Amino acid sequence: MVSGAAAQPAVQRSVLVAFSAGCGITVGNVYLCQPLLHEMAVSFGVTEQAAGLVAVASQAGYVLGILFILPLADAIDPRRLLRVLLLLTTLSLVGAAFAPTISALALASLAFGTTTVVPQLLIPFTSGLVEPRHRGRVIGALQTGLVLGILLTRTASGGVAEMSGSWRAPYMVAALLTGGLFLLLPQLMPQRPRQPGGLGYFALMRSLASLLAIRPLRLSMVLGFCVFGAFSAFWATLAFHLSSPAFALGPAAIGLFGLYGAPGALLSPMAGRLSDRYGAFWVNVASLVFVMVAFVLAGWLGAISLLALILAVNFLDFGLQSGQVANQTRILTVGDGIRARINTVYMVATYGGGAFGSLAGAFAWTVAGWKGVCGLSLGLVLTACITLALMRSANEPA
């Protein structure tokens, strides 16, 4: 890995674009199911809450992959790790497409969720190739691809399902795209020289706990857990809300909500530049304000108005994206040689929040409907606000 002092200030634009697209395609695998949950419930003859477990399984698998696979990037050639991950993801997506039961689909989702952690490999790897003063911009560019993948996957998934008449077709399309990445991305990654005396796997895993002593990392973990948990609760139940009698939309129309939120995601490079110039704290403050406005709007007018929901999606996507850029800019400047593990700990917290939000959101929907989901999400965001204020007042690095 190139050290911060010796790194060059730029990565080739074509490589950055390819890595950004790779982030979007692979992370999108985790969210394929969200506009399809109602159709899955009907297809398998199960409740909507049971179908919601497919979303929980894919996000829980993502957390497991980040925790147990990603630390290897600090010790072995990232190109070899990338090849293995992309191959296993492709095979698991094919398995999901042919799943005979909801339980088999959940298991396949857990499997490809575990191996589709490519974005969390590419982001710390690429950030180590640039000078610290450019790091926020590069992270912002890769996060643009990641968030667009999350959003546009829903649109594409819903559209493919409606055109084909089956929720299974999007999984086959995703398998083809991931297979294409298997042929392309590893060729673009510079080979890292083998480091003598590197840590073994179990030593890498044991070292994760010691990273919790890094105070900026703890702050980013709490913010990531809360905000992504709120984001996931919203998106894991939006299909139920939009397919309810209040709107009665089909999967293609539901999937378009990912496209409606794309403008917010496209602003992430600005968040990276602002993090480089003013620091992560103020970008976090702005992001939390936008997210809170999103949930107030969604819970108040979004119960009856599609326009209000579209506005809320844009506020939410911009708030999430800018906060993620700030959080990763804060932690990936800590040091060389441990970036993959620092990102591991942070992303476990963030996607742990996502899995919690999906599960809690499904429960809130069952108990209290759409307003219950938005209330749960607001509570998580308020927790993030309190944490940021307390750590700032305690003079902790923010």
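The values are calculated or read from the model by the stated rules, or taken from the named source; none is laboratory data. Nothing here was measured: the structure is a model prediction, and the numbers come from that model. Note that each Cβ is placed from the backbone with ideal geometry, even for glycine, and that neighbours are counted across all protein chains shown. Heads up: the accessible areas ignore ligands, DNA and RNA and are worked out on the full protein's heavy atoms, side chains in. Shrake-Rupley method; radii C 1.70, N 1.55, O 1.52, S 1.80 Å.
Below is a table of values for the structure above.
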{"quantity": "C-alpha long axis of helix 48-68 to longest principal axis of the chain, angle in °", "calculated": "10 degrees"}
{"quantity": "Cα-based Rg / Dmax (Å) for region 292-369", "calculated": "16.3, 51"}
{"quantity": "Sulfur and carbon atoms: percent of accessible area, region 24-71 [1.4 Å]", "calculated": "73 percent"}
{"quantity": "Accessible area in the full protein assembly, largest first, 1.4 Å probe, for MET391, MET40, MET163", "calculated": "MET163, MET391, MET40"}
{"quantity": "Hz values of 3J(HN,Hα) by residue in region 152-159 - Karplus curve (6.51, -1.76, 1.60), Gly and Pro given as x", "calculated": "6, 4, 4, 5, 5, 4, x, x"}
{"quantity": "Potential extension, LEU382-ALA248 segment - 0.36 nm per residue separation minus Cα distance", "calculated": "45.1 nm"}
{"quantity": "Net length gained if the chain between LEU212 and ARG79 were fully extended (0.36 nm per residue, minus Cα distance)", "calculated": "45.1 nm"}
{"quantity": "Debye intensity ratio I(q)/I(0), log10, region 239-398, q values 0.13, 0.15 Å⁻¹ (C-alpha model)", "calculated": "-0.68, -0.89"}
{"quantity": "For the chain, built as a Gaussian network whose Cα springs stay under 10 Å, the top-fluctuating residue of GLY200, GLY224, GLY179", "calculated": "GLY200"}
{"quantity": "Region 19-89 - Rg over Rh from alpha carbon coordinates, Kirkwood radius", "calculated": "1.09"}
{"quantity": "Inter-label distance, nm, simple model (7 Å from Cα along the C-beta direction), LEU184/PHE98", "calculated": "2.7 nm"}
{"quantity": "HN-Hα J in Hz across region 295-301 - Karplus 6.51, -1.76, 1.60, θ = phi - 60°, x for Gly and Pro", "calculated": "6, 4, 5, 5, x, 7, 8"}
